[in-house]
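To start, the structure under review is shown below, and the notes come after it.
The values are calculated or read from the model by the stated rules, or taken from the named source; none is laboratory data. All values derive from a computational prediction rather than experimental measurement. Cβ placement follows ideal geometry from the backbone for every residue including glycine, while neighbour counts extend to all protein chains displayed. Only protein heavy atoms, including side chains, enter the accessible area calculation; ligands, DNA and RNA are left aside. Shrake-Rupley method; radii C 1.70, N 1.55, O 1.52, S 1.80 Å.
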Amino acid sequence: MAKFLELLLAAPEVQPLLSSEHFSVDGTLLRAWASHSSLERIDGLDDEPPPTSVGKGFGGNAPGKKRAKGDFRGLLLSNQTHRSCTDGEARLFKKAPGVGAYLSFLGHCVMENRNGLVVASEVTQATGRAERDSALRMTRSLRGAHQKTLGADKGYDTRDFVADLRISGITPHVAQNTSRSGGSAIDGRTARHQGYVQSINTRKRIEQVFGWMKQASGL
């Protein structure tokens, strides 16, 4: 698929459609083909048995009773203690508060802003830094020595990511997360430019990429 994308972007019919200066990035959660029932302790030990009911309350664990496979009642699951036996690279992850964590991967895309075409993509393990690390990797690989801009949502508004973009010669057009502790890493000098506003508005088109992949193409 990477080779196909490379050949497609190099096609003479496609080249005039691509911007070489202005880009957007985003990531999406990809559910792994592994369920919670495949989780096992990394250390090879058995999980503590589930609590037994005593009267109207709960007593201790039943002596000698083993927990059934896939029964995680009362357990705090984490990537540090449990791993899927069917997909060892999948990680428990969630992108929004108030929802359950699922065994997942993260998909990432860079879009050029002229016509909304994907110019780079990759899949990574699901970690808290994966989206920003992938954005840096993909954007640095884009051809051309001229100045580039990169639009992104509030999740990318961290001081280290913005600083890394600038060190790489890429202008960060990241949406400001003013509610974050310490404020936004994007200052007024960047946000006041018309180009920043255009990038923020155009960036939303990358959601169509993930929407099409998940709703139409069956990802």
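Annotations
- The long axis of helix 130-140 is offset from the longest Cα principal axis of the chain by roughly 20 degrees.
- In this rough spin-label picture, where each label sits 7 Å from Cα along the Cβ direction, the residue 41-residue 187 distance is 5.3 nm.
- As a fraction of the 1.4 Å probe accessible area of the chain, surface on carbon and sulfur atoms comes out at 54 percent.
- Tensor-based shape of region 123-175 (alpha-carbon gyration tensor, a/c under 1.5 rounded, otherwise prolate or oblate): oblate
- Solvent-accessible surface ranking, highest first, for 212, 33 at 1.4 angstrom: 33, 212
- Calculated P(r) over Cα pairs in 5 Å bins from 0, in percent (choose from (i) 1, 7, 14, 18, 19, 15, 9, 5, 3, 3, 2, 2, 1, 1, 0, 0; (ii) 1, 7, 16, 21, 23, 18, 10, 3, 0, 0; (iii) 1, 6, 12, 15, 15, 12, 10, 8, 6, 5, 4, 3, 2, 1, 0, 0), label: (iii)
- Area of residue 42 that stays accessible when all protein chains are in place (1.4 Å probe, Å², to 10): 90
- Mean projected area in nm² (Cα convex hull; one quarter of hull surface) for region 90-219: 8.9
- The tail of the calculated P(r) for region 148-219 beyond 17 Å holds 47 percent of all Cα-Cα pairs.
- Approximating the spin labels as points 7 Å out from Cα along Cα→Cβ, the residue 212-to-residue 145 distance works out to 3.4 nm.
- Gain upon complete extension [residue 129, residue 95; 0.36 nm per residue less C-alpha separation]: 11.1 nm
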